[in-house]
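Asker: Got a structure for you, written out below as structure tokens; questions coming shortly.
The values are calculated or read from the model by the stated rules, or taken from the named source; none is laboratory data. Since the structure is predicted, the reported quantities are computational estimates derived from the model, not experimental observations. Methodologically, a virtual Cβ is constructed for each residue, glycine included, from the backbone with ideal geometry; neighbour enumeration extends over all protein chains shown.
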Amino acid sequence: MTNKEDKVLNIKQDMFIDRILREYPEAIQVFISNGFEDFADSDLISRLGPFLKLKTALKARGINIDLFLQLIEEKLSETRGLNMSAVHDLKPGQKAPNLLALLPCPLKIPLQEEFSSFICSSYRQGELEYLIEGNANNQLSYYTYVEQFEDIDDVPDIVISPGINSFFYKGFVEKFIDKGYFADAAEYMPGEMLKRAGVKDPGGNYTMICMNLLVMVADLDQMGDLPLPKSWGDLLHPQYEKKVVIRGQKEFFCETTLLTIFKDYGLEGVEKLGRSVKAGWHPAQMAKMAGSGNVNAPAISVMPYFFTKTIKNKGNVKVIWPWDGAIISPVSMLVKASKMEQLKNAWSFFTGTAAAKICAGAFFPSLHPEVDNKIPEEASFNWLGWEFIKSRDIGAILNELNQCFLKAYKGYII
């Protein structure tokens with residue numbers, strides 16, 4: 001762009017998408033025509049636009065920023081004429097968002113309500129910018145853009161996210177985690193049961209708030225003469241071929257399940273799991289079908305512990321806590337070390353007893369030692385481990401595992 005164009009079109013690469021579209025609404029057509037069809041959803045933009053910078057979005061699509069700005073310039077020339085007014089910088093007091101929380105659906109509403117009430121007594125209006133959203137409603141995959149973050153200012157001051165996502169991938173770890181940009185915000189050790197599972201990050205970077213536990217549910221009518229599985233390894237046996245349902249859809253299946261099977265049984269185990277899986281479902285669908293007598297119900301469902309509590313036909317099902325442990329899918333928080341003091345009220349809410357009780361009440365065991373998680377005393381846990389995560393290229397491994405799984409899964413579809 002020339003200096004003249006910079007003055008006319010005052011869009012900078014570090015600007016957030018929502019601000020650009022607010023100041024230049026005509027630009028939406030340029031975004032849509034260049035592969036950002038999701039941006040047509042105004043509600044989505046209002047929710048996630050404040051957390052996505054222009055440079056990050058364009059890098060994810062491999063689009064040259066100067067050429068893209070030229071396209072916007074041309075579009076505005078068509079609609080406004082050549083004498084366009086410049087965009088002013090951020091108004092006094094206006095700042096980038098501080099907190100982004102993408103939460104599992106069962107936690108979204110109760111934590112959002114409690115946090116909203118808490119925030120009114122802790123911050124003045126407009127002092128803290130935040131978004132609490134259900135992860136399943138994240139139509140625009142925020143994680144795709146995480147991989148394009150170049151500097152620490154691209155990352156919100158506090159990020160909460162479920163599962164093993166882009167915040168655990170090698171690129172993010174090397175650029176931000178290894179350099180000490182984030183600090184553990186939990187000022188306590190978990191209870192003895194979870195302490196033994198090794199869920200506390202020894203590196204002091206990630207703060208695990210709670211856990212989404214995966215267990216098995218057997219539909220006794222559909223099992224027939226099949227033996228009940230006792231471990232995750234049992235699901236890999238040929239007798240369970242096309243008898244199992246796990247979380248997933250189309251080309252995507254539960255990353256934590258695939259990684260755990262790989263950790264314990266290697267690529268061969270992932271391939272065998274692909275042969276055993278009948279379909280990928282949402283856990284709510286699994287809970288609805290379990291024990292229903294429907295001929296399409298799977299014999300075994302791998303679902304979050306929370307959803308086992310929503311099964312209506314409990315007389316015809318058996319919840320199985322594997323002897324090698326319920327799979328831990330973490331709900332983790334990243335807090336910038338440089339903002340620990342400034343935003344203490346915000347992050348301390350999520351590590352405090354109020355949030356911990358909400359998580360435990362929804363059957364997402366909390367790491368807070370003073371909270372009763374109401375899980376079986378004999379229960380064990382299957383956690384990937386921090387060394388496993390930080391010492392490997394998790395993103396690359398997941399791509400390999402997904403391809404291995406899909407090849408076996410599709411090859412056995414009749």
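Asker: Of a type in the set (Lys, Arg) and part of a strand (DSSP E or B) - does that describe any residue in the stretch 180-202? Even if it seems obvious, please write down each step before you answer.
Answerer: Filtering the stretch 180-202 down to residues of a type in the set (Lys, Arg) leaves 195-196, 200.
Then drop every residue that is not part of a strand (DSSP E or B), which leaves none.
Within the stretch 180-202 (the criterion being of a type in the set (Lys, Arg) and part of a strand (DSSP E or B)), the answer is no, since none of the residues qualifies.
Asker: Which of the following residues is farther than 30 Å from Thr351 by Cβ, among the basic types (Lys, Arg) and in contact (Cβ under 8 Å) with a residue 40 or more places away in the chain: Lys230, Lys288?
Answerer: The unique qualifying residue is Lys230.
Asker: OK, next. Could you tell me how many of the residues in the stretch 219-232 are within 32 Å of the chain's Cα centre (by Cα) and either closer than 13 Å to Trp321 by Cα or in a loop (DSSP other than H, G, I, E, B) (or both)?
Answerer: Residues meeting the conditions: 5.
Asker: Residues in the stretch 289-302: is at least one among the hydrophobic types (A, V, I, L, M, F, W, C), under 24 Å from the mean Cα position of the chain (by Cα), modelled with pLDDT of 95 or more and assigned by TED's automatic domain parsing to the domain that holds Gly248? Working first, answer last.
Answerer: Residues of the stretch 289-302 that are among the hydrophobic types (A, V, I, L, M, F, W, C), as a first pass: 289-290, 295, 297, 299-300, 302.
Of the ones still in play, those that are also under 24 Å from the mean Cα position of the chain (by Cα) are 302.
Of the ones still in play, those that are also modelled with pLDDT of 95 or more are 302.
Add one more test, that the residue is assigned by TED's automatic domain parsing to the domain that holds Gly248, and what stays is 302.
Checking the stretch 289-302: at least one residue is among the hydrophobic types (A, V, I, L, M, F, W, C), under 24 Å from the mean Cα position of the chain (by Cα), modelled with pLDDT of 95 or more and assigned by TED's automatic domain parsing to the domain that holds Gly248.
For (1) modelled with pLDDT of 95 or more; (2) over 16 Å from Pro162 (Cα atoms); (3) acidic (Asp, Glu); (4) outside the structural domain of Ser276 (by TED's automatic domain parsing), each residue gets a yes or a no:
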{"position": "Tyr206", "(1), (2), (3), (4)": "yes, no, no, yes"}
{"position": "Asp219", "(1), (2), (3), (4)": "yes, yes, yes, no"}
{"position": "Leu226", "(1), (2), (3), (4)": "yes, yes, no, no"}
{"position": "Pro229", "(1), (2), (3), (4)": "yes, yes, no, no"}
{"position": "Asp234", "(1), (2), (3), (4)": "yes, yes, yes, no"}
{"position": "Pro238", "(1), (2), (3), (4)": "yes, yes, no, no"}
{"position": "Glu241", "(1), (2), (3), (4)": "yes, yes, yes, no"}
{"position": "Arg247", "(1), (2), (3), (4)": "no, no, no, no"}
{"position": "Phe253", "(1), (2), (3), (4)": "no, no, no, no"}
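Asker: Okay, next question. Go through the stretch 142-177 and count every residue that is part of a loop (DSSP other than H, G, I, E, B) and either over 13 Å from Ala337 (Cβ atoms) or in contact with a helix residue (DSSP H, G or I) (Cβ under 6 Å, 6 or more places away or on another chain) (or both).
Answerer: Here the count works out to 11.
Asker: Please state which of the following conditions Lys272 fails to meet, knowing it meets all the rest: (1) part of a helix (DSSP H, G or I); (2) closer than 18 Å to Trp321 by Cα.
Answerer: Exception for Lys272: condition (2).
Asker: Same structure again: Which members of the stretch 389-399 meet the condition of being surrounded by 15 or more Cβ atoms within 10 Å (Cβ to Cβ) and part of a helix (DSSP H, G or I)?
Answerer: Result: Ile389, Lys390, Ile394, Gly395, Ile397, Leu398.
Asker: Could you tell me whether any residue of the stretch 283-291 is in contact with a strand residue (DSSP E or B) (Cβ under 6 Å, 6 or more places away or on another chain), buried (at least 24 other Cβ atoms within 10 Å of the Cβ), part of a helix (DSSP H, G or I) and not polar (S, T, N, Q)?
Answerer: First pass over the stretch 283-291, keeping only residues in contact with a strand residue (DSSP E or B) (Cβ under 6 Å, 6 or more places away or on another chain): 283, 286, 290-291.
Retained after the next criterion (residues that are buried (at least 24 other Cβ atoms within 10 Å of the Cβ)): 283, 286, 290.
Filter again for part of a helix (DSSP H, G or I), leaving 283, 286.
From what is left, the residues that are not polar (S, T, N, Q) are 283, 286.
Checking the stretch 283-291: at least one residue is in contact with a strand residue (DSSP E or B) (Cβ under 6 Å, 6 or more places away or on another chain), buried (at least 24 other Cβ atoms within 10 Å of the Cβ), part of a helix (DSSP H, G or I) and not polar (S, T, N, Q).
Asker: Pull out all pairs, ordered by first then second residue, where Cβ-Cβ is under 6 Å, the residues are six or more apart or on different chains, the first lies in the stretch 244-262 and is in contact (Cβ under 8 Å) with a residue 12 or more places away in the chain, and the second is of a type in the set (Ser, Thr, Tyr).
Answerer: Hits for this filter: Val244/Ser276; Val245/Ser301; Ile246/Thr257; Thr256/Ser329.
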